[in-house]
1. Confirm whether ASP78 is outside any strand (DSSP E or B), of a type in the set (Asp, Glu), surrounded by fewer than 21 Cβ atoms within 10 Å (Cβ to Cβ) and on the phi > 0 side of the Ramachandran plot.
2. Go through the stretch 328-355 and give me each residue that's among the hydrophobic types (A, V, I, L, M, F, W, C), over 16 Å from HIS371 (Cβ atoms) and surrounded by 19 or more Cβ atoms within 10 Å (Cβ to Cβ).
3. When you go through (1) assigned by TED's automatic domain parsing to the domain that holds TRP211; (2) in contact (Cβ under 8 Å) with a residue 12 or more places away in the chain; (3) surrounded by fewer than 18 Cβ atoms within 10 Å (Cβ to Cβ); (4) not β-branched (Val, Ile, Thr) one by one for ARG321, which number turns out not to apply?
4. Counting only residues that are in contact with a helix residue (DSSP H, G or I) (Cβ under 7 Å, 6 or more places away or on another chain), among the hydrophobic types (A, V, I, L, M, F, W, C) and touching a residue at least 12 places away in the same chain (Cβ under 8 Å), give me the strands (runs of 3 or more DSSP E) lying completely in the stretch 203-309 with at least 2 of them.
5. Among the candidates ARG158, ARG141, which residue alone is buried (at least 18 other Cβ atoms within 10 Å of the Cβ), over 20 Å from the mean Cα position of the chain (by Cα) and either modelled with pLDDT under 95 or not assigned by TED's automatic domain parsing to the domain that holds CYS191 (or both)?
6. Take the residues in the stretch 373-409 that are touching a residue at least 12 places away in the same chain (Cβ under 8 Å) and among the hydroxyl-bearing types (Ser, Thr, Tyr), then tell me which one is farthest from PHE314 (Cα to Cα).
7. Can you pull out every residue in the stretch 88-117 that is crowded, with 23+ Cβ neighbours inside 10 Å and under 25 Å from ARG75 (Cα atoms)?
8. Tell me yes or no: at least one residue of the stretch 42-58 is under 30 Å from GLY241 (Cα atoms), surrounded by fewer than 17 Cβ atoms within 10 Å (Cβ to Cβ) and either of a type in the set (Ser, Thr, Tyr) or free of Cβ contacts under 8 Å to residues at least 60 places away in the same chain (or both).
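The values are calculated or read from the model by the stated rules, or taken from the named source; none is laboratory data. Predicted, not measured: the structure shown is a model, and the values here were computed from it. Methodologically, a virtual Cβ is constructed for each residue, glycine included, from the backbone with ideal geometry; neighbour enumeration extends over all protein chains shown.
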Amino acid sequence: MRNPPAAAGPAPDLAARAPETLPHPGFGFDVLHRAADSAARVGRLTTPHGALDTPNFIFCGTKAALKAVTVDQAREADADIILANTYHLMIQPGADTVAALGGLHALTRWDGPMLTDSGGFQIFSMGHGGVAQEVKGSGGRKRETSLLRITEEGAAFRSYLDGRTLFLSPEGAMDVQRKLGADLVVQFDECTPFHVDRGYTERALRMSQRWADRSLARFARDEATSANGLPQAFYGIISGGVYRDLREDSCAFAAGRPYFGTAVGDCLGGDKEQMYEVVSYCTPHLPAGRPVHLLGIGNFRDILIGVTLGMDTFDCVHPTRVARHGWALKKGAKGERVNLRNARFREERGPIDATCPCPTCREYPAGYLHHAIKAGEMVGMTLISIHNMATMTRLMRDIRQGIATATLPQVSKDWLGE
């Protein structure tokens with residue numbers, strides 16, 4: 001494999017140490033209520049762009065755009081927070097271009113809280129071609145390997161846009177996120193696939209820990225602010241694959257670092273049950289008093305179980321991705337959704353969900369959505385996406401209410417149709 005190109009500017013300090021303290025002005029996290037029978041909790045996460053109640057769902061605007069949905073429509077669906085992706089935006093249009101346009105908030109016209117991930121998951125998942133067995137994998141699709149080389153300095157990879165060689169280091173990931181200007185930023189880590197062995201997983205964990213310290217050092221050097229002078233808050237990642245002792249080690253490492261928040265990431269296993277088990281390894285050891293994000297998870301059941309394991313926020317492309325294929329999320333439905341392409345909706349005059357207050361269900365019959373999606377009309381994708389986003393925000397409201405009133409088990413039964 002080719003050697004990675006030299007990073008722009010001075011060479012990174014590979015022995016950079018994490019700062020002992022970090023300012024997070026304008027940020028806060030308060031636990032308002034704890035469940036008596038699980039690790040579930042209701043909280044309030046405060047950012048310079050507003051506060052949100054947790055548990056909550058972060059919608060994916062991967063390339064600084066919510067798929068088929070405007071930010072005004074997202075607000076109408078009661079979305080509180082969205083994310084964008086470092087990997088995709090550094091490729092197009094480029095972090096400098098985003099900064100020149102005023103940062104993500106100005107670019108997208110979204111005035112609420114935002115998060116950017118580090119790009120690590122995309123780089124490394126695209127470098128490990130076949131991860132069909134992994135719960136967060138490619139679903140069995142074969143992809144061309146784009147990862148060229150992983151070194152202590154960082155990762156070299158090919159751009160999917162034009163094939164040019166790019167390089168991303170821990171410092172580079174922080175620099176890109178600083179220019180993008182989201183409120184919440186995430187460390188650069190190596191996200192291991194399901195099929196690697198324990199030895200590989202442990203070596204990746206140790207390197208990710210060294211990368212975490214370098215990320216923190218760069219974050220502190222820039223005084224924890226974006227290129228526009230707005231404060232940012234730092235999330236560290238819990239890694240360790242499917243191994244309990246490595247997960248506990250990662251939690252202990254995180255507890256000793258001045259993160260604002262914690263993100264549970266890396267390989268979560270080969271199936272749902274293993275994923276729940278892996279997250280449970282972390283629950284007793286997560287640093288106290290910090291918000292906890294579970295990366296890349298978005299099904300009803302996964303969220304409901306994740307909440308009982310102490311997770312505060314979740315993100316996934318699932319709500320808008322399935323909408324573009326005609327699937328509408330629905331409370332109590334078998335499999336959590338209905339297929340609006342089915343012929344049974346052809347002459348349906350009622351809404352997708354008579355109990356849903358979203359604009360789509362208020363104004364459009366399911367028969368119209370069936371027609372629009374079958375005809376390939378973009379409006380169908382948009383209307384179902386709005387409904388799916390509203391359904392996710394409704395789920396999260398019900399979860400918060402269920403925790404506060406000790407009725408979360410019944411909330412789970414209602415939403416899962418059990």
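1. Against the criterion (outside any strand (DSSP E or B), of a type in the set (Asp, Glu), surrounded by fewer than 21 Cβ atoms within 10 Å (Cβ to Cβ) and on the phi > 0 side of the Ramachandran plot), ASP78 qualifies.
2. The answer is LEU329, and nothing else.
3. (1)
4. 233-238
5. So the residue among ARG158, ARG141 that is buried (at least 18 other Cβ atoms within 10 Å of the Cβ), over 20 Å from the mean Cα position of the chain (by Cα) and either modelled with pLDDT under 95 or not assigned by TED's automatic domain parsing to the domain that holds CYS191 (or both) is ARG158.
6. Step by step, filter the stretch 373-409, then rank; the result is THR382.
7. If the condition is that a residue be crowded, with 23+ Cβ neighbours inside 10 Å and under 25 Å from ARG75 (Cα atoms), then LEU89, VAL98, LEU104, TRP110, PRO113, MET114, LEU115, THR116, ASP117 are the ones that fit.
8. Checked the stretch 42-58: at least one residue is under 30 Å from GLY241 (Cα atoms), surrounded by fewer than 17 Cβ atoms within 10 Å (Cβ to Cβ) and either of a type in the set (Ser, Thr, Tyr) or free of Cβ contacts under 8 Å to residues at least 60 places away in the same chain (or both).
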